[in-house]
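I have placed the structure first, in the form of structure tokens, so that the comments after it can refer back to it.
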Amino acid sequence: MNIPEKDLKLIRKEFEKKEERFPDRIRLGNNFVDDFIFENSEAADIPINALRVIFNIVSIISNEQFRPEDRPKQLTLFDEEFETENNTFASIKIRNSKISPSGSTKQVVDAYEFLTKFKMSWYKSLNSKGTEIKTFGGLISTPSYDQRGFTTFLISSYWLKKLMVIPEYNYILYNLVYNIKNNKHIIFAIWLSKLPENGTVLKLSTLNKKFRLNYKIANDFCFKFLKSVRVALDKFNTLSFNYKYKRDHIFIIPYHTKTILDETFSIDAQDRSEITRRLIYFRKRYGLQEHEMLQFSHQYRNIPQTRALIDQSFKEFIRINRRRGVKSTNFQGKMFLNEIQEIIIQKYRNTKMGELIPNGYPIIS
């Protein structure tokens, strides 16, 4: 009996995590990110548990990853092992609790089913000798789980090469897929890691298409989507971002949070009490509603640099109004935040960072 070519599978290597220690961060190759997650600049809607599978695959193969320009012989070795015959695969085993910490069998099955069916097709690549090699399947094939709580599956040479051979890559925190539950927030974080330091500006329609969203106006995209993403990344990632919009154009500027987090965690009880007291003062004196306090409170409580900038701007706000003979309490709620925001922008743009990234100022409302 002849077996269809797409069903023939040659297994050349087995990957298995020998210990339960996982890295703080993983390396995601740009070729994989562009082809699997952002094909044609549009993000795939990959479920959170499927993203956990991907992060764990990369973690398991991390010791095998290489840049061909640094280790050119490794590329030849990879070709000899995986790209001399069609339909060559590696076998990988992952503990099910890494995919569903709650122990849901359905979540595990759904994650592997998605990755089996997603982008299932014939794929062609050329090895170092110029020979065309073909493989069939999605990212993974033939998953099966055992009674010991593991799932074993195959990954094709085509996708394995994009994960292992990484001429360009970016670091992503491994625990991001456990600390953040929203899959679009994770996908945004992966995209953010690829942005240049000075950020980018894109039209609302482009961002809607990229992240499969449907916001009608830039204000809604910023405050209904970007705002919640930034709160999550400020808390759980080493890279977050500032944003603003002008008509239908949205500016996104990345910034590193690790030093911010380190400083935040070092705040003692007395300092935390003083921060809380100041926030209560602002809320009561300037009539800030609960929804108006969300972003303002987060920035003031968690980011020391922004807190200092807000305090400086508030002093300037008081000084300006005294000079004008106007009570500062005439500005209530959103009006108060708008006044402080304008002063923040002016002060920020007078700094060295403001010269480099004019639109990188913190947004407090």
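Annotations for the structure displayed:
- Qualifying positions in the stretch 62-91 - assigned to a strand (DSSP E or B) and among the hydroxyl-bearing types (Ser, Thr, Tyr): Thr88, Ser91
- When Leu192, Leu160 are checked against the criterion of being closer than 30 Å to Glu81 by Cα, of a type outside the set (Gly, Ala, Ser), crowded, with 20+ Cβ neighbours inside 10 Å and touching a residue at least 60 places away in the same chain (Cβ under 8 Å), a single residue qualifies: Leu160.
- Selected residue (only one of Lys98, Lys17 is of a type in the set (D, E, K, R), open to solvent by less than 60 Å² (accessible area, probe 1.4 Å), in the same structural domain as Thr142 (by the TED database) and in contact with a strand residue (DSSP E or B) (Cβ under 8 Å, 6 or more places away or on another chain)): Lys17
- Whichever residue in the stretch 107-129 is among the aliphatic types (A, V, I, L, M) and open to solvent by 50 Å² or more (accessible area, probe 1.4 Å) and, among such residues, is nearest to Ser157 (Cα to Cα): Leu126
- Selection within the stretch 283-301: residues that are of a type in the set (A, V, I, L, M) and in contact with a Phe, Trp or Tyr (Cβ under 9 Å, 6 or more places away or on another chain). The member of this set that is surrounded by the fewest Cβ atoms within 10 Å (Cβ to Cβ) is Met293.
- Tyr145 in contact with a Phe, Trp or Tyr (Cβ under 7 Å, 6 or more places away or on another chain) and assigned by the TED database to the domain that holds Phe32: no
- None of Leu10, Leu28 is within 22 Å of Thr135 (Cα to Cα), out of contact with any Gly (no Cβ under 8 Å at 6 or more places or on another chain) and surrounded by fewer than 16 Cβ atoms within 10 Å (Cβ to Cβ) except Leu10.
- Out of Ile363, Ile318, Ile280, one residue alone is open to solvent by less than 30 Å² (accessible area, probe 1.4 Å), not assigned by the TED database to the domain that holds Lys246 and not hydroxyl-bearing (Ser, Thr, Tyr). It is Ile363.
The values are calculated or read from the model by the stated rules, or taken from the named source; none is laboratory data. Source: prediction; values computed, not measured. Positions of Cβ are backbone-derived with ideal geometry, glycine not excepted, and every protein chain shown enters the neighbour counts. Protein only, heavy atoms only, side chains kept; ligands, DNA and RNA dropped before computing areas. Shrake-Rupley method; radii C 1.70, N 1.55, O 1.52, S 1.80 Å.
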